[in-house]
Amino acid sequence: METFLQDLRYAVRVLIKKPAFASLAVLALALGIGANSAIFSVVNAVLLRPLPFSDADKLVWVWDTQPQLETAPSSVADFLDWRAQNQSFEYMAAFQDGDMFFDRGEGNEDIRVGLVTPDMFSLLRVSPILGRVFTEEETRPGHFRVALLSYSLWKQRFGSDENVIGQTVTLSGFPYTIIGVMPAGFDFPNQALLWRPFPIDPNRIDRGPHFLKVVARLKSNVALDQAQAEMSAIAGRLAESFPEKIAGHGVRLQPLQEFLTGNIRPVLFVLLAAVGFVLLIACANVANLLLARAASRQKEMAVRSALGASRARIIKQLLTESVLLAIAGGALGLALSVWGVKVLIALGANNIPRAKEIGLDWWVVGFTFSISILTGIVFGLIPALQVSKPDLNETLKESGRTTAGAHSSRVRSLLVIAEVALSLVLLVGAGLMIKSLHLLNEVKPGFNPDKLLTMGVTLLSSRYPEDQQVISLYQQLLERLGNTPGAESVAAVSELPLAGSNTNDSFTIEGRPAIAKEEEPLVEYRVVTPDYFKSMGIPLLAGRDIALTDTKQTPNVVVVNESFARRHFPDGDAIGHRLKFQGQFRDPLLIVGVVGDVHHFGLDEKPTPEAYVPYLQDPLRDESYARSMTIVVRTKSDPEALAGTFRNEALAVDKSLPVYGIKTMSEYMRDSLSQRRFNMMLLGIFAAVALVLAAVGIYGVLSYSVSQRSHEIGIRMAVGAQPRDILKLVVGQAMMMALIGVAIGLVAAFALTRLMASLLYGVSATDPLIFALISVALTSVALAASLVPARRAIKVDPMIALRYE
């Protein structure tokens, strides 16, 4: 211990004597370690840390599987049968997540609400801090108007009033009695602010509509594969019992944490590898600094050796210095990571699951400390081995030169080659991301997003109980908005493209041979008003548009998209054929028009078959009409500037009308690419840091080489070498290192970029153009980094250089 403290004190004195060197080394390490700590903070919170529930590893997501869909929600009837027949789960619960309108007194506020079955809270092992949770009785008709408040809603809207139990809140026009308050931090599902019972009417249980999300808790002695086998058997029995509804359906179990974090996993692993590369480049830079500094310490080490210090003792002392540098860099890096995490959350709050849980904890501190120690050993070992074995006879001479020798120069060159290779891998990855995003921005969405404003509207059944009132209100609303100055056309749709919602149903085509239920194709189902295609800028390719005359008193009609027509009528005209949906009422639907394809689920998703039905018919609703629709307004000028005007016009029809989600379609376009933009930006930042570090490494090696070879350069110039010859000598050294590094980097990039193929769109992971451009760019940077040392070399005075020693 005494020896260690002695080495530590000496290391501190040595580093204090060289503040410029120490500061540069600490800063380089802080960038690498800080980036690693920031990304590890995200990985730790999202992937490594258990979900904030007791025994979270026992929680699973229960999917319904269908012949055309690998994963789908469940029906109420299936859920009830699953729950009743299984022996594998301690609890099974179901829920819907969505929004309701909370009456604040001065208007409605759109808040997230979880509709849950009572077992949800026992399943998650969470209890209210006030009151109680729901009972099974409260899921029945006439009993479900009770609510649980989140801690934040209780605090903000009720001032943490402990007498809140029994008070009433108005949700979407109906009164609900508060029966409890949940603990702080609990917001499952989907950051809910309030919970109400999921209503189950035993007399109206339908096995058709699939919209229910299901979670379960495994019993302590049951493994996931055992539960999967049992649930598959149950699903098989149900499919045989109800072939007209769920033939071919099954069940798939997925760990809840995997479900919640599945989409972000590949991204985080790529980013973790990227920051690892940045740290390795930083280590190589600091190792080069230490090698350069080693030359000036050769006499010191020779004296130590002459006085009896063993090589191991010298290596220990030098590693103490490098580890001390690394710890200082780690401390600064940890401080930078706190800021970096805040930036990450600000940039990607909507793209990172469990973002609220990301932060500095002891795991992150321990990771940073560990990586600092490891880093100090990694970058300090090569210089320590190099300088700990001096040539005593040569070094202790009065005139002994202080060069680190040819071996040291080779090591420094190898480190720079490694930096270039690692940088190229990162730059190629960033280049592929950039090209991918560029190609996505070039994708035509199938509609014209320019000058297009959208806003959600819901007609509360408490205020508009009759269907005719709903029809009348929507007609008034669309007419008033259409007559508003600045409006070109107005319509409404049930599921807006790129907004994240969808409805689908299976169907058959009239006149074709009967097929098995499990083989019936699926189609995306949209309810629209007249002028929807005109307002969205979706081209009508054949037939006619939806008309005001298409009502429940006239034969059902449907307009299909080009993908539907191409898939189901490849050899003829789709118009004139009839469809029958699984859940529809009344007669089949006559295809009267074909429109262009729309990228509904994302610009990176291929268009799927879609069917558009008239709002005044809506064959999936028996004598009823959709109450929640999205209004789309094609404007004559900037839609953002007109947003307030159109909102006021909507409220002029009914001042209590819930109007929400006012956005332009251009915003939806940007939001749909936010995840990819976030990925590209982070990888681009890390690649840029790597490029700068590599350029600094090349510059440092050449600068040191020029200073060490000034005697040689002086001799060359004295015997007739021209400036261009010296320039060629120095630049040639840089280009040799750069080209070897680029060659190695290309091989590594060719192998590694395949791992990020799932993050790309429209571009191969081995795109030759990107590989070529990045290679040229990196070589150009290396050339630029070599020019300053090269110019210094050609300015060497031969007389001064020859008197150097």
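The values are calculated or read from the model by the stated rules, or taken from the named source; none is laboratory data. The shown structure was predicted, so the numbers you read here are calculated from the model rather than taken from an experiment. A quick note on method: Cβ atoms are made from the backbone with ideal geometry, for glycine too, and the neighbour counts reach across all protein chains shown. Quick note on the areas: whole protein, heavy atoms, side chains included, nothing else; ligands and nucleic acids left out. Shrake-Rupley method; radii C 1.70, N 1.55, O 1.52, S 1.80 Å.
Using the Cβ-Cβ distance between residue 502 and residue 787 with R0 set to 60 Å, the FRET efficiency works out to roughly 0.55.
For segment 616-712, what class follows from the C-alpha gyration tensor (a ≥ b ≥ c being the square roots of its eigenvalues): rounded when a/c is under 1.5, otherwise prolate if a/b is larger than b/c, else oblate?
Taking the square roots of the gyration eigenvalues as a ≥ b ≥ c, segment 616-712 is prolate.
In the context of the full set of protein chains, segment 673-744 has a per residue accessible area of 43 Å² (1.4 Å probe). When you filter the trypsin sites (Lys or Arg not before Pro) in segment 666-761 for DSSP loop state and at most 12 other Cβ atoms inside 10 Å of their Cβ, nothing is left. A simple packing score, the average count of other Cβ atoms within 10 Å per residue, orders the peptides 317-323, 734-740 as 317-323, 734-740, with the highest score first. In a reduced charge model with +1 at each Lys and Arg Cβ and -1 at each Asp and Glu Cβ, the chain shows a dipole moment near 4320 debye about its Cα centre.
When the chain is described by a simple charge dipole with +1 on each Lys and Arg Cβ and -1 on each Asp and Glu Cβ, the residue from 349, 415, 508 located farthest towards its positive end is 415. Across the protein chains, with a 1.4 Å probe defining accessible surface, the residues 143, 600 rank 143, 600 from largest area downward. Selection among 269, 643, 448 by position relative to the dipole of the chain gives 269 as farthest towards the positive end (Cβ unit charges, Cα centre). Scalar couplings 3J(HN,Hα) for segment 785-790, obtained by applying the Karplus form with A = 6.51, B = -1.76, C = 1.60 to θ = phi - 60°, are 5, 8, 5, 5, x, 5 Hz; x denotes Gly and Pro.
Using C-alpha pairs under 8 Å with a sequence gap of at least 6, the mean separation divided by the residue count of segment 1-153 gives a relative contact order of 12 percent. Working ranking of peptides 473-485, 517-529 by packing, defined as the average number of other Cβ atoms within 10 Å per residue, highest first, is 517-529, 473-485. Between residue 515 and residue 190, what's the calculated FRET efficiency when r is the beta-carbon distance and R0 is 35 Å? Round to 0.05. Efficiency, rounded to the nearest 0.05: 0.40. Relative to the longest principal Cα axis of the chain, at what angle does helix 2-17 sit, 0 to 90 degrees, rounded to 10? Helix 2-17 sits at roughly 90 degrees to that axis. Pairs of alpha-carbon atoms within less than 8 angstrom and 6+ residues apart define the contacts here; what relative contact order does the chain have, in percent? Across the chain, relative contact order equals 16 percent.
How large is the accessible surface per residue of segment 232-290, computed with a 1.4 Å probe and reported in Å² as a whole number?
38 Å²
For segment 692-782, a crude dipole built from +1 on the beta carbon of Lys and Arg and -1 on the beta carbon of Asp and Glu, taken about the Cα centre, is about 140 debye to the nearest 20. Here segment 614-759 is assigned +1 on the Cβ of each Lys and Arg and -1 on the Cβ of each Asp and Glu. Its dipole about the Cα centre then comes out at about 540 debye.
Nearest 10 degrees is fine. How inclined is helix 674-708 to the longest principal axis of the chain, computing both from alpha carbons? Taking Cα atoms only, the helix is inclined about 0 degrees. Between residue 480 and residue 310, the contour length at 0.36 nm per residue exceeds the Cα-Cα span by 52.0 nm. For segment 599-701, applying the loop criterion from DSSP together with a ceiling of 13 other beta carbons within 10 Å to the GluC sites (Glu not before Pro) yields 605, 623. The computed Rg/Rh (Cα atoms, Kirkwood Rh) for the structure shown corresponds, within (1) 1.09; (2) 1.01; (3) 0.98, to (1).
Remark: the residue 350-residue 125 segment gains 78.3 nm on full extension, using 0.36 nm per residue and subtracting the alpha carbon distance.
Loop-located trypsin sites (Lys or Arg not before Pro) in segment 574-659 (DSSP state not H, G, I, E or B) with no more than 13 neighbouring Cβ atoms inside 10 Å: 586, 636, 655. Selection among 82, 101, 120 by position relative to the dipole of segment 50-147 gives 120 as farthest towards the positive end (Cβ unit charges, Cα centre).
Normalised size of segment 527-676, defined as Cα radius of gyration per 2.2 N^0.38 Å with N residues, equals 1.17.
With θ taken as phi - 60° and the Karplus curve 6.51 cos²θ - 1.76 cosθ + 1.60 applied, the whole-hertz 3J(HN,Hα) list for segment 318-325 is 5, 5, 4, 5, 5, 5, 4, 4 Hz, x standing for glycine and proline.
Taken one residue at a time, the phi angles of segment 167-180 give Karplus couplings (6.51, -1.76, 1.60, θ = phi - 60°) of 6, 10, 10, 9, 10, 6, x, 10, x, 10, 8, 6, 10, x Hz. Gly and Pro are set to x.
For residue 641 and residue 571, what does the FRET efficiency come to when R0 = 30 Å and r is the distance between their Cβ atoms, rounded to the nearest 0.05? Efficiency computed from Cβ-Cβ geometry: 0.05.
A helix-only calculation puts the chain at -16500 deg cm²/dmol for mean residue ellipticity at 222 nm, using -39500 (n - 2.57) for each DSSP H run of at least four residues, averaged over all residues.
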